[in-house]
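Structure, as structure tokens:
A short reminder: the numbers here are calculations on the coordinates, not readings from a lab. These numbers come from a predicted model, not from an experiment. Cβ placement follows ideal geometry from the backbone for every residue including glycine, while neighbour counts extend to all protein chains displayed.
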């Protein structure tokens, strides 16, 4: 197959797709946006609903209570309670496993993919099994 034959076959295909420099860049940008992990909007404490997942929340840890060891059917390991706040209120926080050692009083933390639930009549948040905790500022 000659080069001129390939060119004549490919030009109508390009013409039919109406590709221009801007549309190619738009297509590349859309592809990158689809492959970029989405950052959920920041949830505030006043907007938390019990028994619902948390997309992303940022808190200042006011106090971390002493560690205790839990041995139950579903989980065995270290656990600690903590108290945190943002600009809208206070919330209880449950720290699991290595989170107990990493989080200190005064840290600013971010929880993604966590859960909010009621415990003893108060809302409490945790990373749950699939969430993550990141220390933004120590």
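Can you tell me how region 52-98 classifies by the Cα gyration tensor, rounded, prolate or oblate, using a/c under 1.5 as the rounded cut?
oblate
Packing, taken as the mean count of other beta carbons within 10 Å per residue, orders the peptides 70-76, 94-100 from highest to lowest as 94-100, 70-76.
Taking a point 7 Å out from the Cα of residue 71 in the direction of its Cβ, none of the residues of region 101-129 has a backbone N less than 13 Å from it.
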